[in-house]
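Q: There's a structure below that I have some questions on.
The values are calculated or read from the model by the stated rules, or taken from the named source; none is laboratory data. Quantities reported herein were computed from a predicted structural model and do not represent experimental measurements. Cβ: placed from backbone, ideal geometry, glycine included. Neighbour counts: every protein chain shown. The area values use the complete protein model at the heavy-atom level, side chains included, leaving out ligands, DNA and RNA. Shrake-Rupley method; radii C 1.70, N 1.55, O 1.52, S 1.80 Å.
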Amino acid sequence: FGGILASRPIRPTIPAVGDPSHLRLTGRIGTVDPDSLDDHLAHGGGMALARALKLGSTEVIAQLSASGLSGRGGAAFPTGVKWAAVAAEDGPRHLVANCDESEPGTFKDRQLMEGDPFAVIEAMTAAAVTVGAEHGWIYIRGEYPLATDRLASAIQQCRTAGLLGEDVAGSGRSFDIELRRGAGAYICGEETALFASIEGFRGEPRNKPPFPTTHGLFGEPTAINNPETLLNAAWIIQHGADAYRSVGTDVSPGTRLFCVSGDVAIPGLIEVPFGVSLGDLLDLAGGAVGEIRAVLLGGAAGTFVGPDQLDLPLTLEDTRSAGASLGSGAVMVFNETRDMGDLVTRVAEFFRSESCGQCVPCRVGTVRQHEVMVELGRGGSLPSERRALVDEMALAMADASICGLGHTASHAMRSALELGLIGGSS
């Protein structure tokens, strides 16, 4: 969001948290040469793929299910369940890496793709041989030119080395990857809108069911995950479910990547075990700059929390109990100098612009909530009847919208109202 994110550069450095072994996904960034397959292999690359081929589909899926790995795109769907459903289908299957990453404040997948692109390709290949997919697709946002170039180079080097193609690593299995660039539509981060875009249609979400596991890309069974989820799966394949669950909590095992930005001393990407408190995470980012007024968890589709919630454990279960969500891992800090009314108005305008317009609740609801914010910007508080209208619109969007954009478009605005950040009163 304009100046707040551009106030200081996003640094690719990743602070270590206690035991360096916790850096499961990011430990090689800055050490491995992102343009060299040989360097990838010299730093432990290739082991996850070899292990996936050795274990076989049934055992890999059993390990994923036992690990408790959930998707890192915001929905937190169990990865083992998704892969098992696709593996059980007959006929052509697809493996898609959702690298669109268009949620404001989120840059974790960009760092993975730019800093360790061969790991992304290897994780995709391990996933493909597990679910039985011969066709792989990377859908990447057009604003990531460096990541695109490095992934394209990695794909070509893997083909030349026999790690992609008709005989993957001499296994007799066939798998290859096609790279597709998005054109800047936020809605194409939604999996079914992404499929439509790859197929050459307007990027609009589809009704579910049927689900992508049976009717995905080109109407065929498809497993779709983002790079963070895929790299977690590769780590589990290599090290096992028990090792994965050695950190984190029972419901939220493993580590999580957080994109910390805004009014902190050192904005950047931080990998920590699930369960670290919000305050401790901000300390790892050098601490807040100024007095914290609010923290937005999960990006534009997320929820504001106040400075009294810095002891909130960053887990799926604890944030859910607090009425918030980790979403895509974005953590945006705002101090007392920020105009929260202006910020929430821009969030509302963002969703108004990015709604695909396909379904009425989202198309109309995003316009109306933006109008409410514009009215508030002219001064005064929000009358009770207007507040009731905001809540009714949010309920209609959450219940009747086709996809997650409509379901979550009101979260930031409603949480800002509840905290008294806007509207004159809570």
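Residue-by-condition table, conditions (1) closer than 29 Å to VAL272 by Cα; (2) under 18 Å from the mean Cα position of the chain (by Cα); (3) of a type outside the set (D, E, K, R):
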site: LEU55; (1), (2), (3): yes, no, yes
site: LEU64; (1), (2), (3): yes, no, yes
site: ALA76; (1), (2), (3): yes, yes, yes
site: GLY80; (1), (2), (3): yes, yes, yes
site: THR106; (1), (2), (3): yes, yes, yes
site: GLY136; (1), (2), (3): no, no, yes
site: ALA154; (1), (2), (3): yes, no, yes
site: SER171; (1), (2), (3): no, no, yes
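Q: So, one more: Looking at (1) in contact with an Asp or Glu (Cβ under 9 Å, 6 or more places away or on another chain); (2) farther than 21 Å from LEU112 by Cβ; (3) open to solvent by less than 10 Å² (accessible area, probe 1.4 Å), which one does THR319 not meet, given that it meets all the others?
A: Here THR319 meets the rest and fails (1).
Q: Which of the numbered conditions does VAL32 fail, given that it passes all the others? Conditions: (1) open to solvent by 20 Å² or more (accessible area, probe 1.4 Å); (2) β-branched (Val, Ile, Thr); (3) in contact with a His (Cβ under 7 Å, 6 or more places away or on another chain).
A: (1)
Q: Also, I was wondering about something else. Which of (1) in contact (Cβ under 8 Å) with a residue 12 or more places away in the chain; (2) open to solvent by 50 Å² or more (accessible area, probe 1.4 Å); (3) out of contact with any strand residue (DSSP E or B) (no Cβ under 9 Å at 6 or more places or on another chain); (4) closer than 30 Å to ARG110 by Cβ is the odd one out, the single condition ARG386 does not satisfy?
A: Against the list (1) in contact (Cβ under 8 Å) with a residue 12 or more places away in the chain; (2) open to solvent by 50 Å² or more (accessible area, probe 1.4 Å); (3) out of contact with any strand residue (DSSP E or B) (no Cβ under 9 Å at 6 or more places or on another chain); (4) closer than 30 Å to ARG110 by Cβ, ARG386 comes up short only on (4).
Q: Okay, next question. Filter segment 371-414 down to the residues that are touching a Leu at 6+ places or on another chain (Cβ under 8 Å) and closer than 23 Å to ALA75 by Cα and list them by number.
A: The answer is ALA412, and nothing else.
Q: Please go through (1) farther than 20 Å from GLY341 by Cα; (2) assigned to a loop (DSSP other than H, G, I, E, B) for GLY290 and return the number of the only condition it doesn't satisfy.
A: Condition not satisfied by GLY290: (1).
Q: Something else about it: Has segment 149-156 got any residue that is buried (at least 21 other Cβ atoms within 10 Å of the Cβ), in contact with a strand residue (DSSP E or B) (Cβ under 7 Å, 6 or more places away or on another chain) and in a loop (DSSP other than H, G, I, E, B)?
A: no
Q: Which residues, counting only those in segment 74-121, are open to solvent by 20 Å² or more (accessible area, probe 1.4 Å) and part of a helix (DSSP H, G or I)?
A: The answer is VAL81, LYS82, ALA84, ALA85, ALA87, ARG110, GLU114.
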